[in-house]
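Worksheet: one structure, shown below.
Since every read-out is calculated from the coordinates, none of them should be taken as a lab result. Because the structure is predicted, anything quoted here is derived from the model rather than measured. Note: ideal-geometry Cβ built from the backbone for every residue, glycine included; neighbour counts use all protein chains shown.
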Amino acid sequence: MKIEVNQVALECRVGDIAAQSDIEAVVNAANAELMPGGGVAGALHARAGRELAKACAPLAPISPGEAVLTKGFNLPNAYVIHTLGPVYGRDEPSEELLAHCYRQSLKVAENQGIASVAFPAISTGAFGYPLVSGAEVACRTVVSMVPELSHVRLVRFVMFDERAHEVFSEKLQQVAE
Ligand code: AR6
């Protein structure tokens with residue numbers, strides 16, 4: 001699905017975050033060390049190649065809610081924005097920290113003059129954040145940032161499966177109304 005808020009396109013799709021060839025910056029649901037891991041981080045590092053981990057090393061560790069920028073190397077994207085989501089039930093206040101991930105990632109994109117950004121569902125995999133509340137935080141935060149965006153013209157949520165896609169699409173529609 002796709003909607004427009006103040007001339008910014010907001011989209012939700014099923015797909016692989018490592019295969020978004022029309023997007024300038026993809027967001028990595030990273031670990032604190034910014035090293036390859038499972039899930040999103042595994043997929044992005046695998047496609048980017050070893051240069052990505054080398055570029056990440058001097059930027060690590062990062063804290064929950066923080067976001068940093070590297071090039072995309074062999075990814076089809078110019079940049080990767082690495083953010084560390086909260087571990088649900090451990091990093092508190094988890095809702096604020098998760099909102100911070102989306103906010104800081106968009107700020108990094110704006111500072112770099114990036115026009116399009118794709119997000120995965122941060123923290124909702126290995127870090128255990130419940131999908132519905134994770135989607136709520138993601139959509140609310142991104143929509144609330146729209147008035148501050150002058151370079152970013154497209155924000156895409158890339159969901160790994162149909163259920164996540166449904167949940168994010170519904171939330172996005174709700175909060176944009
Ligand atoms: N494309 C899009 N979404 C994906 C993909 C993909 N290729 N792979 C998984 N997802 P996760 P987290 C979905 O675990 O919860 C890593 O090991 C997945 O279904 O990648 O923030 C890191 O090294 C889920 O909904 O990120 C960290 O240690 C969402 O993306 C830790 O996991 C996020 O799942 C970060 O955990």
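Computed over the range 80-159, the P(r) curve from all C-alpha pair distances, binned at 5 Å from the origin, holds 3, 16, 30, 25, 16, 8, 3, 0 percent per bin. Remark: the Lys54-Met1 segment gains 15.5 nm on full extension, using 0.36 nm per residue and subtracting the alpha carbon distance.
Within the range 96-134, list the residues whose amide N lies under 19 Å from a label point set 7 Å along Cα→Cβ of Ala78. It comes to 105-119, nothing else. Straightening the chain between Arg153 and Ser63 buys 29.6 nm, computed as 0.36 nm per residue apart minus the Cα-Cα spacing. Our coupling estimate for the range 16-27, obtained by passing each phi through the Karplus curve with A = 6.51, B = -1.76, C = 1.60 and θ = phi - 60°, is 10, 4, 8, 10, 9, 6, 9, 10, 6, 9, 9, 9 Hz, Gly and Pro reported as x. For the pair Ala126 and Ser21 in one chain, pulling the backbone fully straight at 0.36 nm per residue adds 35.3 nm over the alpha carbon distance. Classify the range 2-176: rounded, prolate or oblate, from the alpha-carbon gyration tensor (a ≥ b ≥ c, eigenvalue square roots; a/c under 1.5 rounded; otherwise prolate if a/b is larger than b/c)? Verdict is rounded for the range 2-176.
For the range 43-67, the residues whose backbone nitrogen is under 17 Å from a point 7 Å from the Cα of Ala32, taken along Cα to Cβ, are 57-67.
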